[in-house]
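Quick one: the structure is below, and I'll ask about it shortly.
The values are calculated or read from the model by the stated rules, or taken from the named source; none is laboratory data. Since this is a predicted model, take the numbers as computed values, not measurements. Because the Cβ atoms are built from the backbone with ideal geometry, glycine has one as well, and the counts that use them run over all protein chains shown.
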Amino acid sequence: MSHAPIKFCRSCGSAVEYRHPPDGDERERAICVECETIHYQNPLNVVGTVPVWGDSGEFVLLCRRNIEPRWGKWTLPAGFMELGESTEEGAMRETREEAGANIELGDLITLMSVPDIGQVHMYFRARMRDTSLAPGPETIEARLFQQHEIPWDEIAFHTVRHTLEHYFDDRAKGQFGVHVFDIVHRRTTSPSPSPSG
């Protein structure tokens, strides 16, 4: 199991044990030994944007991280969805919080399952309304890059790299699509850390 196991019941505080629920569920679940509450662990959703500027979207906005994991590395503005918000609302909020960018949200560009760390990442294209930026505390700096200027060796996460690659490939073709795929890393050590914010 790649995620921290549940140890105590969220309903009554008693210990839980992992076993198959009596309803025929094929997965082991954390079940309270006292009140029998079944606790499910589900993937977290990460939402973000590919903010672009220029007549043909030749400039992409990246943020240099001021938090761990991957402090000092470059990323697209993104983070975990909050309860009560849509994917679009979350992506716009993260862009405001991390870059202070004023954007118009576009279509989804990538939808990536990252089962090793129990996450689903969604990135939307976004057009910047102007070039004014006001990075928040999680960002060292926010800058616009053309494709040849992207610091590819300093990109924080695989999901960000893949999203940027798809954006520039689609832009070169003159046609944008939605790219849906999995990112799976076979490893014996703990999974790579994920973006937060």
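If a residue must be of a type in the set (Phe, Trp, Tyr) and over 19 Å from the mean Cα position of the chain (by Cα), how many such residues does the stretch 118-156 contain?
Matching residues across the stretch 118-156 total 1.
Just one of (1) exposed (fewer than 13 other Cβ atoms within 10 Å of the Cβ); (2) of a type in the set (Gly, Ala, Ser); (3) not assigned by TED's automatic domain parsing to the domain that holds VAL120 trips up SER86, so point out which.
(3)
Out of all the residues in the stretch 79-92, is one or more of a type in the set (D, E, K, R), in contact with a helix residue (DSSP H, G or I) (Cβ under 9 Å, 6 or more places away or on another chain) and more than 19 Å from ALA142 (Cβ to Cβ)?
Yes.
Yes or no: THR159 touching a Cys at 6+ places or on another chain (Cβ under 9 Å) and hydroxyl-bearing (Ser, Thr, Tyr)?
Judged against the criteria, THR159 is not a match.
Let me ask you something else. Which of the residues belonging to the stretch 53-64 are in contact (Cβ under 8 Å) with a residue 12 or more places away in the chain and out of contact with any Phe, Trp or Tyr (no Cβ under 6 Å at 6 or more places or on another chain)?
SER56, GLY57, GLU58, LEU61, CYS63, listed by residue number.
Somewhere in the stretch 40-51, is a residue crowded, with 17+ Cβ neighbours inside 10 Å, of a type in the set (Val, Ile, Thr), more than 24 Å from SER113 (Cβ to Cβ) and touching a residue at least 40 places away in the same chain (Cβ under 8 Å)?
no
Filter the stretch 89-99 down to the residues that are hydrophobic (A, V, I, L, M, F, W, C) and crowded, with 24+ Cβ neighbours inside 10 Å and list them by number.
Those that are hydrophobic (A, V, I, L, M, F, W, C) and crowded, with 24+ Cβ neighbours inside 10 Å: ALA91, ALA99.
Do you know which of the residues in the stretch 83-105 that are in contact (Cβ under 8 Å) with a residue 24 or more places away in the chain and over 16 Å from the mean Cα position of the chain (by Cα) is nearest to PHE124 (Cα to Cα)?
LEU105
If we only count strands (runs of 3 or more DSSP E) wholly inside the stretch 17-81, which ones have 1 or more residues that are polar (S, T, N, Q)?
Ranges flagged: 44-53.
Quick one: which strands (runs of 3 or more DSSP E) lie wholly within the stretch 100-197 and hold at least 2 residues that are buried (at least 16 other Cβ atoms within 10 Å of the Cβ) and modelled with pLDDT of 95 or more?
Passing ranges, in order: 103-114, 119-128, 139-145.
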